[in-house]
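Undergrad: Here's a structure for you.
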Protein chains: 2
Amino acid sequence: MESKNISVGFIGLGVMGRSMAGHLMAAGYRLNVFNRTKNKADELIQRGAVWCDTPAVVAARSDVVITMVGYPRDVEEIYLGEKGLVANARRDAVLIDMTTSSPELAQRIAIAAAARGRASLDAPVTGGDKGAREATLTILVGGDAAAFERVHPLFAVMGRNIVHCGTAGMGQHAKLANQIAIAGALQGVCEALAYAQRMGLDARQVQAAISGGAAGSWQLQNLGPKMLAGDFAPGFFAKHFIKDMELASRVAGEQNLNLPSLQLALERFRQLAAEGGAELGTQALFQLYHDAAKK
Amino acid sequence: MESKNISVGFIGLGVMGRSMAGHLMAAGYRLNVFNRTKNKADELIQRGAVWCDTPAVVAARSDVVITMVGYPRDVEEIYLGEKGLVANARRDAVLIDMTTSSPELAQRIAIAAAARGRASLDAPVTGGDKGAREATLTILVGGDAAAFERVHPLFAVMGRNIVHCGTAGMGQHAKLANQIAIAGALQGVCEALAYAQRMGLDARQVQAAISGGAAGSWQLQNLGPKMLAGDFAPGFFAKHFIKDMELASRVAGEQNLNLPSLQLALERFRQLAAEGGAELGTQALFQLYHDAAKK
């Protein structure tokens, strides 16, 4: 698939999806697009992408289909529904779900696709809106190795660090491991900065001073200043992080793997959502400590 | 104190203290040393340091005294005991405690020192044995600004990032904030890698893949590989981390500041210690997850 003479379907044109689809167009791929809210496709259509009224139409027109949607229930419907991708994909098509979704669902899709002679990959990403915009995403891929090799050039257009993690679902598992690490680091950052503020330190000075050492993290470096500035605009939505942590928590529970820090983060984020923070960025977790600190 | 024509006392010649004292000698400062176990001073004595039989003798001979010991109870005895530094320090001496210790104790020492016309600083460090060895420590300083300026050249010999955080105790508070952030990040790393292993991923590959993104941290980068290799040798002793977390937890509790992730980490580390892990490095927390995963 080095040649650009192939058509790529792209379903899900949110903040991430729009950037990723845009890079594919810029690299010369012909695009067929669908999104639940059509106007988010406007800019891509103006640049030459072909609008399709349903996922089934996207599937019928495309050699490769990429999905980047919200929740596992959306993924399930788009792939396995009667008018879905698996039932309507071209023979030899590769279907790539880049949503952070259920590993078990990724396995079911792979089996259903294989039964019809299609290949599917799970390929969730890390790096956020910035990584999508700058094409520096890390892409964690599960599924058939030959299919992975075929579509590698497309991944290379969207990301920088492209890792084949294993069989179907393993990309999702790797992404959930990533989210588990974030859950711990983020709580640590919130608590460290809440402590610093409460003790009367210049929390911004402390954040800068400790970022270079053993307490350093992407979360401290990038979200710490936002917390202290009261900037809770998303980046990465709290509601999506809750979805990811619920997936990880469920899978871990099924394996009798006790992850108490993840569990704590999930409870705390549910509290944040209950207080109206679901649409804020994940750094808004700091509000729980900040409010408590004011009492 | 730009001149090297001054004598520096150094009390506490563990892994960190020996490196730091060595840098001061290499920079030309004359050293008076004391350590509970004398043979740890042998190398410094061979290089010309003067052995003193008690902290009081160190104090009587030194313009600046630095302490780097284990626990707040040691600090309290060395500073405030009858034969301690405050009672025996030279007029105009600066006493610097670089142990991670109690902010409240640092304040008491500062008051006691001031009452006798001596200055004290709390100046705990981050960067670990590596930072001490390579003189790249971050030094978080609380106490009188004039005293800080006077001894800044000594700090500059031992560290790279030297921050005056405020009045007496504020260096300790900043260090505890650092430890709180570590507690969160470290739990996240343990849980992410335990999850990856349990799900059958190549955990080393996942560690490398996600280190560059939003899950990235010093803990993941540096301790992740040790966890996966089963290398639990200290670096930073679990027992010392427990001490630090107990300090932070007590201070936060006194301020009605709820830090549940810190609390969880403290409970988990106590469990590790109860199972014989007190003398291991902090990365040994991974054992709790690893053992659970094997059940």
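The values are calculated or read from the model by the stated rules, or taken from the named source; none is laboratory data. Just so we're clear, the structure is a prediction, and the values are computed from it rather than from any experiment. Please note: Cβ atoms are built from the backbone with ideal geometry, for glycine as well, and neighbour counts cover all protein chains shown. For accessibility, only protein heavy atoms count, side chains too; no ligands or nucleic acids. Shrake-Rupley method; radii C 1.70, N 1.55, O 1.52, S 1.80 Å.
Undergrad: Would you say B:F241 is more than 12 Å from every other protein chain (Cβ to nearest Cβ) and modelled with pLDDT of 95 or more? Reasoning before the result, please.
TA: Details: more than 12 Å from every other protein chain (Cβ to nearest Cβ): no; modelled with pLDDT of 95 or more: yes.
No, not satisfied.
Undergrad: Of all residues in the stretch B:176-227, count the ones that are part of a helix (DSSP H, G or I), within 7 Å of another protein chain (Cβ to nearest Cβ) and open to solvent by 20 Å² or more (accessible area, probe 1.4 Å).
TA: Count: 3.
Undergrad: Counting only residues that are out of contact with any helix residue (DSSP H, G or I) (no Cβ under 9 Å at 6 or more places or on another chain), give me the helices (runs of 4 or more DSSP H) lying completely in the stretch A:82-139 with at least 2 of them. If you could, list the steps in order and put the result at the bottom.
TA: Working: elements: A:85-88, A:103-115, A:128-134.
Passing ranges, in order: A:103-115.
Undergrad: A further question follows. Taking into account only those residues within the stretch B:160-175 that are at the interface with another protein chain (Cβ under 7 Å from one of its Cβ atoms) and over 21 Å from B:V75 (Cα atoms), which is least open to solvent (accessible area, probe 1.4 Å)? Outline the logic, then answer.
TA: So the first thing to find is which residues in the stretch B:160-175 are at the interface with another protein chain (Cβ under 7 Å from one of its Cβ atoms), and the list is B:161, B:163, B:165-166, B:170, B:173-174.
Those left that are additionally over 21 Å from B:V75 (Cα atoms): B:161, B:163.
On the way: B:N161: 59, B:V163: 17 Å².
Filtering first and then ranking leaves B:V163.
Undergrad: While we're looking at this one, here's another question. Checking B:G230 against (1) more than 7 Å from every other protein chain (Cβ to nearest Cβ); (2) open to solvent by less than 10 Å² (accessible area, probe 1.4 Å), which single condition isn't satisfied?
TA: Condition (2) is where B:G230 drops out.
Undergrad: Now for a separate question. Which members of the stretch A:115-134 meet the condition of being open to solvent by 10 Å² or more (accessible area, probe 1.4 Å), among the small types (G, A, S) and within 14 Å of another protein chain (Cβ to nearest Cβ)?
TA: Within the stretch A:115-134, A:G127, A:G128 meet the criteria.
Undergrad: Any idea how many residues of the stretch A:14-51 are closer than 27 Å to A:F237 by Cβ, in contact (Cβ under 8 Å) with a residue 40 or more places away in the chain, hydrophobic (A, V, I, L, M, F, W, C) and not in a helix (DSSP H, G or I)?
TA: The qualifying residues number 0.
Undergrad: Just to be sure before I move on: is B:A87 more than 22 Å from the chain's Cα centre (by Cα), closer than 29 Å to B:L176 by Cα and in contact (Cβ under 8 Å) with a residue 24 or more places away in the chain in the structure I sent? Step through it out loud before you land on a result.
TA: Values: more than 22 Å from the chain's Cα centre (by Cα): yes; closer than 29 Å to B:L176 by Cα: yes; in contact (Cβ under 8 Å) with a residue 24 or more places away in the chain: yes.
Spelling it out, B:A87 is indeed more than 22 Å from the chain's Cα centre (by Cα), closer than 29 Å to B:L176 by Cα and in contact (Cβ under 8 Å) with a residue 24 or more places away in the chain.
Undergrad: I would also like to ask the following. Could you tell me which numbered condition B:A252 fails, if it satisfies all but one of (1) more than 8 Å from chain A (Cβ to nearest Cβ); (2) touching a Leu at 6+ places or on another chain (Cβ under 7 Å); (3) closer than 21 Å to B:A106 by Cβ?
TA: All conditions pass for B:A252, except number (1).
Undergrad: For A:L154, work out the one condition from (1) facing chain B (nearest Cβ under 7 Å); (2) assigned to a helix (DSSP H, G or I) it doesn't fulfil.
TA: Failed condition: (1).
Undergrad: Answer yes if at least one residue in the stretch A:241-252 is under 19 Å from B:L186 (Cα atoms) and free of Cβ contacts under 8 Å to residues at least 12 places away in the same chain, and no otherwise. Let's see the steps before the verdict.
TA: Within the stretch A:241-252, the first condition is being under 19 Å from B:L186 (Cα atoms), and the residues that meet it are A:245, A:248-249, A:252.
Keeping just the survivors that are free of Cβ contacts under 8 Å to residues at least 12 places away in the same chain gives A:252.
Yes: the stretch A:241-252 contains one or more residues that are under 19 Å from B:L186 (Cα atoms) and free of Cβ contacts under 8 Å to residues at least 12 places away in the same chain.
Undergrad: Give the number of residues within the stretch A:74-97 that are more than 11 Å from A:A112 (Cβ to Cβ), open to solvent by 10 Å² or more (accessible area, probe 1.4 Å) and of a type in the set (A, V, I, L, M).
TA: Total satisfying the criteria: 1.
Undergrad: Same structure again: Residue check: is A:G235 in a loop (DSSP other than H, G, I, E, B), open to solvent by 20 Å² or more (accessible area, probe 1.4 Å) and over 20 Å from B:P260 (Cβ atoms)?
TA: On the way: in a loop (DSSP other than H, G, I, E, B): yes; open to solvent by 20 Å² or more (accessible area, probe 1.4 Å): yes; over 20 Å from B:P260 (Cβ atoms): yes.
Against the criterion (in a loop (DSSP other than H, G, I, E, B), open to solvent by 20 Å² or more (accessible area, probe 1.4 Å) and over 20 Å from B:P260 (Cβ atoms)), A:G235 qualifies.
Undergrad: Something else now. Considering the stretch B:255-291 alone, what residues qualify as being open to solvent by 50 Å² or more (accessible area, probe 1.4 Å), facing chain A (nearest Cβ under 9 Å) and not in a helix (DSSP H, G or I)?
TA: Of everything in the stretch B:255-291, those that are open to solvent by 50 Å² or more (accessible area, probe 1.4 Å), facing chain A (nearest Cβ under 9 Å) and not in a helix (DSSP H, G or I) turn out to be B:Q255, B:N256, B:N258.
Undergrad: Another question about this same structure. Collect the residues in the stretch A:162-175 that are in a loop (DSSP other than H, G, I, E, B) and touching a helix residue (DSSP H, G or I) at 6+ places or on another chain (Cβ under 6 Å), keeping them in residue-number order. Show your work before the answer.
TA: Step one: filter the stretch A:162-175 for residues in a loop (DSSP other than H, G, I, E, B), giving A:167-169.
Within the stretch A:162-175, A:A168, A:G169 meet the criteria.
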